[in-house]
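See structure below.
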Amino acid sequence: MRRRQNITLHEETISLIKEYQEQHHIRYPGDALDRMIEEWEAQKSKDHSQEYLLRLMAQRFQEVFSEEMKRLRLAANRSDKNTQVLLELMNGFAMDQNLESCVTTPIFESQAMKDARQAVEERISHQRQKRISAT
């Protein structure tokens, strides 16, 4: 149902309506305004659909990766705990031996250190291969 309405518009608005009329070959300003509002409503609806889709994707992403992130967090915590335990043991050892200084690995790396490093690297490699095989 169409109804006549007297309205006052800014000059810029009138120019935009006329420009829209010319671009879309519309004869009357009221028809152009109706079409502009329909397009605006469609865009608004589309924006809501995109928002919903983005929320859905974010939720799915969280579902998929939350377990993986939990595993990473636990592994990091375990590594941090092991490192702190080793530091405490090494400090106790240094105190027990009355060590005043330390020869660092860049200066000299003992065979025991080389063996330990190789064992750790092999363990990490083995764990990585197990993970790859599981997927």
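Listed here are the residues, each with its yes/no results for (1) free of Cβ contacts under 8 Å to residues at least 40 places away in the same chain; (2) touching a helix residue (DSSP H, G or I) at 6+ places or on another chain (Cβ under 9 Å); (3) within 23 Å of Glu68 (Cα to Cα).
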| site | (1), (2), (3) |
| --- | --- |
| Phe93 | yes, no, no |
| Leu99 | yes, yes, no |
| Cys102 | yes, yes, no |
| Thr105 | yes, yes, no |
| Gln111 | yes, no, no |
| Lys114 | yes, no, no |
| Arg128 | yes, no, yes |
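Screening the candidates Glu67, Glu88, Glu100 for the property of being assigned to a loop (DSSP other than H, G, I, E, B) and either more than 30 Å from Ile17 (Cβ to Cβ) or among the hydrophobic types (A, V, I, L, M, F, W, C) (or both) yields one hit, Glu100. Evaluation of Val64 against the conditions (1) modelled with pLDDT under 90; (2) in contact with a helix residue (DSSP H, G or I) (Cβ under 6 Å, 6 or more places away or on another chain) shows that the sole unmet condition is (2).
Would you call Arg60 more than 26 Å from Ile124 (Cα to Cα), surrounded by 10 or more Cβ atoms within 10 Å (Cβ to Cβ) and not acidic (Asp, Glu)? Answer is yes for this residue.
Quick check: anything in the range 8-24 hydroxyl-bearing (Ser, Thr, Tyr), more than 30 Å from Ile124 (Cβ to Cβ) and either touching a Phe, Trp or Tyr at 6+ places or on another chain (Cβ under 6 Å) or touching a residue at least 12 places away in the same chain (Cβ under 8 Å) (or both)? Yes - at least one qualifying residue is present in the range 8-24. Among the residues of the range 118-130, are any out of contact with any Leu (no Cβ under 9 Å at 6 or more places or on another chain) and part of a loop (DSSP other than H, G, I, E, B)? No: zero hits. Filtering Asp80, Asp115 for residues that are charged (D, E, K, R), in the same structural domain as Arg128 (by TED's automatic domain parsing) and under 29 Å from Arg131 (Cβ atoms) leaves a single hit, Asp115.
The values are calculated or read from the model by the stated rules, or taken from the named source; none is laboratory data. What you see is a predicted model; the values in this text were computed from it and never measured. So basically every Cβ, Gly included, is an ideal-geometry build from the backbone, and we count neighbours across all protein chains shown.
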